[in-house]
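Heads up, the thing below is written out as structure tokens.
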Amino acid sequence: MQQIKLNPRQRASAEFLYGTACTISIPGAGKTLTMATRISLLIKKHNVSPESILGLTFTRNAARSMQEKLLPILNEEALRVKLMTTHSFAYSLLKQEGYTFEILSGIEQIKFLRQIMKNLKIRHIPTGLVLSEINLSKSNMVSIEDFKAVHADNETMSAIGAIYDYYEKSKKKKLLKDFNDLLLETYNLLSSDDEIREKYHRTFSHILVDEFQDTFPLQAEVVKLLIYNGKRTSFWVCGDDSQSIYSFTGGNISNILNFDKIFPDCQRFILDVNYRSTPEILDVCQKLIDNNVKKIDKKLQTNNKSGDKPVIIEAANEDDEAVQIVNEVKALTQKHGHSYEFKDIAVLYRANSLSRPIEDSFKQHDIPYHIENAQSFYQRFEVKVLLDYLKFIDDPDSHEGDEALGRVLNIPNRYIGKTLINELDEYCEKNNVSLYEALKRMPINLPYLKKIVRKFVGFMGQLIRDKNQLEPAEMLYLLREGLEYDKFISDDDVPSIDNSKMDNINQLTMVAGKYQNISDLINYTETFREEISNNKEGVSLMTIHKSKGLEYPVVFLIGLMEGMLPHKQGEIEEERRVTFVGMSRAMEKLYLSYPMNYSGKNMKRSRFLDEILT
């Protein structure tokens, strides 16, 4: 077996054999290595069958990463260990037990809910909000009956309760399950059928759970049912309460804070030696997290050599903040002696909308970058749609205008089906006219479609006539108002602090305010070339949540202002943990920045900076 060097605390946790154990790990303390070593020791040292080990991870990427770490140690045996998310495990268990169903998720789930709301004649509640409430209810094991009872005095929530009820009945008829149904069905099966539960007790003698601080109650209950307290079994979890940042999906920090109360005979290990960051970076992380009350006390330690103190950047506004970051990035990558590559640098933010000024400045200064696991600002759906409307309005009879109109003809939905679109295409070809001209000229027989098209053509015609008298920002205002675009965008937007579509639209409006005509704005947005804005060798831009588990030699944490970080919608201790996660990604250099004015409003710098600087 390949020898792996572990420190004494890592070694003690990895060598734990039977019973229940909880490993608390600070950032950069080798948690994944410890878990991988534990699995390898069980197999190689204690002759445990790989098939009897179940490793549950928070994401599929984490499961793949764990397997990659095991392959050099275990060879083909690594592939026999069951490493997966709790949802994947539940799916495979239900299929193995003979359940017949299809998964309902993504846009199909939104459409399904939208149809139910239409049937119930409920139009005033955003579909995204309904989906979020249903998911949270299931994550917290709140039944439909309890949901209705708790919210009996709230008109909106009562309506959501009625939708929830109809949604569950409709899914059952069509043999559909959403992701949380997988866990609920697994819980119900294991809790009600002793024979099946005992079968899985015999199958998995050693269960490991990664990122336990982010589990929600339903996940925790499913895991508990899988645990068998036999003589030669173990239940081992690892995580960090200070990195619990997923309450918006149901994650419950109490699962790890109260672990020793739920399992009084458990053994606790604390991995408190950081191998990632300098003492100076860990010092500000410690100062910040010490302000939380709900936490497990631990000292962030490292044997790494000293480095620079974190740098605070104060900016006049978000554009000035971006320019200052550009200057720092240039200095870091052009410095003689010890210079950094662009890929060594990450810019982290609380919400996706904060990427816009950074992207603009990086593009203007030819700094390559990419958005980690997300789209660049001008490629985001809600932004692209408005830009397509502007392209069409600017030149309605051109080829580009024609293509743009084709992309937005049904956004928001105008119930223009394939039949009418085909007829329009034929009319365009036969009469050699643009799509817009076809909409104006072609006879439409169906009265409701005729009315819809006439209204659309009239609205667009007015904007086209006025385009030379209106600035781009004014045009966007009229589009948003006339199309009821804000309602359309927010309707299916599942509430999330770090990805607000409305904030993205507002940022686009701010950019538009810098231009006198539509052509100049469109030309500017189209200069975001693929080689600049999607360069994997460039600077990484991402939300703090996306950065979890990653590390970079240089980190810029931007937008540290009251209302954004901490976010006005967030719980203060979780917002502090979010900031902690962002800062602890940095290995050598950490920059903390804030604008004194954002979106035209005066801002106060984050209280977290005051806590760090005391």
A 1.4 Å probe over the protein heavy atoms gives the stretch 107-165 a carbon and sulfur accessible-area percentage of 53
Honestly the stretch 79-178 on the Cα gyration tensor test (a ≥ b ≥ c root eigenvalues; a/c under 1.5 rounded, otherwise a/b vs b/c for prolate or oblate) is just prolate
If one compares the long axis through the Cα atoms of helix 194-203 with the longest principal axis of the Cα atoms of the chain, the angle in degrees, nearest 10, works out at 70
For residue 384, counting only lysines whose alpha-carbon sits under 22 Å away and dropping same-chain residues fewer than eight positions off, the answer is 111, 363, 467, 487, 501, 514
Helix 31-44: inclination vs the chain longest Cα principal axis, degrees, rounded to 10, gives 50
If amide H atoms are modeled at 1.01 Å from N in the peptide plane, then the residues at a separation of 5 or more from residue 234, or on another chain, having amide H under 5 Å from its own are 19, 206, 207
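Relative contact order for the stretch 310-379: what percent, with Cα pairs under 8 Å and sequence separation of 6 or more?
Details: 37 pairs, mean separation 20.3, N = 70.
Worked out over the stretch 310-379, it gives 29 percent.
If r is the Cβ-Cβ distance from residue 425 to residue 249 and R0 is 51 Å, what FRET efficiency results, to the nearest 0.05? Don't skip to the end; give the middle numbers.
Numbers: r = 43 Å, r/R0 = 0.84.
Approximately 0.75, to the nearest 0.05.
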Carbon plus sulfur, as percent of the 1.4 Å-probe accessible area of the stretch 494-613, comes to 49
Over the chain, with neighbouring protein chains present, the accessible area per residue in Å² at probe 1.4 Å is 46
Amide H neighbours of residue 317 at under 5 Å, excluding residues fewer than 5 places away on the same chain, with H built from the backbone geometry, are 596, 597
Heads up, the stretch 310-393 by the C-alpha gyration tensor (a ≥ b ≥ c square roots of eigenvalues; a/c under 1.5 rounded, else a/b over b/c prolate, else oblate) looks prolate
For the stretch 260-265, Karplus-derived ³J(HN,Hα) couplings (6.51, -1.76, 1.60; θ = phi - 60°; whole Hz; x for glycine and proline) come out as 6, 7, 6, 10, x, 8
If each K or R counts +1 and each D or E counts -1, the residues other than residue 187 whose Cβ falls under 12 Å of its Cβ total -1
Place a point 7 Å from the Cα of residue 232 in the direction of its beta carbon; the residues of the stretch 188-219 whose amide N falls under 16 Å from it are 201-207
Per the 1/(1 + (r/R0)^6) rule, R0 = 35 Å and r from the Cβ atoms of residue 400 and residue 502, FRET efficiency to 0.05 is 0.80
From the Cα centre of the stretch 211-233 to that of the stretch 39-70, the distance in Å is 16
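Shape of the stretch 107-165 from its Cα gyration tensor (a ≥ b ≥ c, root eigenvalues): rounded if a/c is under 1.5, otherwise prolate when a/b > b/c, or oblate? Spell out each step's value before the answer.
Working: a/c = 2.07, a/b = 1.30, b/c = 1.59.
Since a/c reaches 1.5 but b/c is at least a/b, the shape of the stretch 107-165 is classed as oblate.
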Share of Cα-Cα pairs in the chain beyond 44 Å, whole percent, is 29
With a 1.4 angstrom probe the carbon and sulfur portion of accessible area for the stretch 254-347, in percent, totals 46
Taking alpha-carbon centroids only, the stretch 301-353 lies from the stretch 394-420 a number of Å equal to 43
Longest principal axis of the chain (C-alpha) makes with the long axis of helix 179-192 (C-alpha) an angle, in degrees to the nearest 10, of 40
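Go ahead and run the numbers for FRET between residue 442 and residue 381, Cβ-Cβ distance against an R0 of 35 Å, rounding to 0.05.
Numbers: r = 29 Å, r/R0 = 0.82.
It comes out at approximately 0.75.
The values are calculated or read from the model by the stated rules, or taken from the named source; none is laboratory data. Predicted, not measured: the structure shown is a model, and the values here were computed from it. Note that we place each Cβ from the backbone using ideal geometry, even for glycine, and neighbour counts take in every protein chain shown. Note: areas computed on protein heavy atoms with side chains; ligands, DNA, RNA excluded. Shrake-Rupley method; radii C 1.70, N 1.55, O 1.52, S 1.80 Å.
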